[in-house]
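The structure appears below as structure tokens.
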Amino acid sequence: MCRTIRILAFVAALAIVVDLIGHRLPLRADDVYRVASVRIPERGRRAYRPGEVIVQFKEAVRDRDASDMMREAGGRTARRSDFGPRYLVRLDDGFEIADALDRLRTMPGVDFAEPNGVARAFQRVGYFTPHDPFYTSQWHFRMLDSERTWGIQKGDPSVAVAVLDTGIAYEDFGPYRKAPDFGGTVFLQGHDFINGDDHANDDNFHGTHVASTIAEATDNNIGVAGLAFGCALMPVKVLDNEGVGSFFMVAEGIDYAVTFTQNGQHPVKVINLSLGGDSSSTSVRQAVDRAVAAGVTVVAAAGNDGQGKVSFPAALPNVIGVGAVDGRKMKAPYSNFGPELSVVAPGGDINRDDTGPDGVPDGRPDGVLQQTFDPDTAAEQGRYDDFHYFFVVGTSQATPHVAAVAALLYRQGITQPAAIKAAIENTAEDLGTPGRDDTFGHGLVRPALALRGYGLNQ
Amino acid sequence: MLAVGLLLSFLLAGSVAAGPKDKPVTSKSKTASAKAARAREEKCVDRWLAERKLDAYGSPEGTMYAGGTPLFNEATGRHIDRLDHIYRKHAEAKVACAPTPKKR
């Protein structure tokens, strides 16, 4: 009897503790975390703060008269400068800045009136900081020293990355919608090998998220950034709406990307394969060989079984096989490992929160943050327009970081896949056991060092 | 009130944790036995899959998956057990390989 009571008390205590933890960290592992709902893209960078004007009155104007004039021009509130009769005026809803300025400038007591311009920090020399509002939550780019990387190379549409996946939300076609944060991204003509047409639209969510890491429109005041945002993307659909495909489809997709020409050029320089299987295939291996012989770098996910076996085709020697680390640069629990692993990149761990500003928890799971549509809305309602920013984890998310680096290296002038692979491996940050090991491969990819030519060209 | 309950529960729980000395040994041998049973079951399932030319996840050979596996959901971070996944797809594999529960 006494033992039963003790056990019941123990269970009760456990429940209380779990409940307390639950309140402290409200995000559960099975939550797909939304940072924000879809927003209408705005063209270019906003030059002025909305609904605000600056007005300076002549010295002789009394404060009461100034107040009347500002109200007459549509002002709701005003803040006086500590150094003279200069005011920051916030306009009432419905009043346009241009109208307010027109009115103020005709008033005799006004010295001048102007819109309140947006002040921006100067870019540090050699660095590039994008103004995408959720960029600060992209810890995975910070880990890769992205701003220094962009200071060297941002990419160019002459270099394209083919994303062989579930498709990309790249166009408005039928029930499919272009993701709002792909505004300025260049897309090449892709192909849908699942449905047999030229509209490689995403009907799962996976491909769009992967593609966003490579070339999300960046510095556009919307959402998040992409690591090789200047490069072009090619959507190639080889996985169905459940994320399943076949060797045949993948081989077809590789051949399509490699043989694609535009203006007599072969723009696809990198193929991203955030996919794999547990057995090997001659048709895929031969397609990869053809790609590499044609000067195309193939990057593939090591797989998410958490086992010591790298998935196929990441295990092929001429493919860059990518494993995943979490926000602490520790091996992610799901990441496969083994002798074929080339490098690791951030793939995150949705059960951890180590990546807030200054390394303190920020209440958000440590996934890779990118834009895609809600997979639940897509699966349940067949709607592909419910775009949000999602934290997603996996070697699928680590792989496009490396594919983006490969694309930037092509833009830097390296043209051979073996040289690209060597540049990425030789400049990686050694993690775990000194030297190459099966857990981290050559280590964590360091794009800025690779681009500067350390290692390979030293 | 909550804190008092919590403290009391922890104290009681401490008493529960301090059990007879032979308990861990029993638990360890049980774990070893469960591991061996799992290994036997996996071997049986892998043989069953190979006979039917299915991959390690119960799909036709040559199947490719987003992320390399159908067992890990990248949107949720949740992993599902391989044998559970296969048994859901192929009930006959469960009949052939899953240990039958003992009758009490």
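Observations
- Descending by average beta-carbon neighbour count within 10 Å, the peptides A:75-83, A:193-201, A:377-385 line up as A:193-201, A:377-385, A:75-83, the highest first.
- Whole-angstrom gap from the range A:152-216 to the range A:320-398, using each part's C-alpha centre: 19
- Helix runs (DSSP H) in chain A reaching 27 Å along axis by Cα, Kyte-Doolittle at least -0.5: A:2-24
- Relative compactness, chain A, computed as alpha-carbon Rg over 2.2 N^0.38 Å: 1.16
- Volume of the convex hull of the range A:366-421 (Cα atoms only), normalised per residue: 118 Å³.
- Helix-only [θ]222 nm of chain A, DSSP H runs n ≥ 4, -39500 (n - 2.57) each, per residue, nearest 500: -8500 deg cm²/dmol
- Here the alpha carbons of the range B:37-99 define both size measures, Rg and Dmax, at 11.9, 33 Å.
- Qualifying aspartates and glutamates (Cα of each under 20 Å from Cα of B:LYS35; at least 8 residues distant if same chain): A:ASP305, B:ASP46, B:ASP81, B:ASP84
- Packing order of peptides A:283-295, A:266-278, highest average first: A:266-278, A:283-295 (average count of other Cβ atoms within 10 Å over each peptide's residues).
Where a number appears in this text, it was derived from the coordinates with a stated rule and is not lab data. Quick caveat, the model's predicted, so the values are computed rather than measured. Ideal geometry is used to build each Cβ from the backbone, glycine not excepted, and the neighbour counts take in all protein chains shown.
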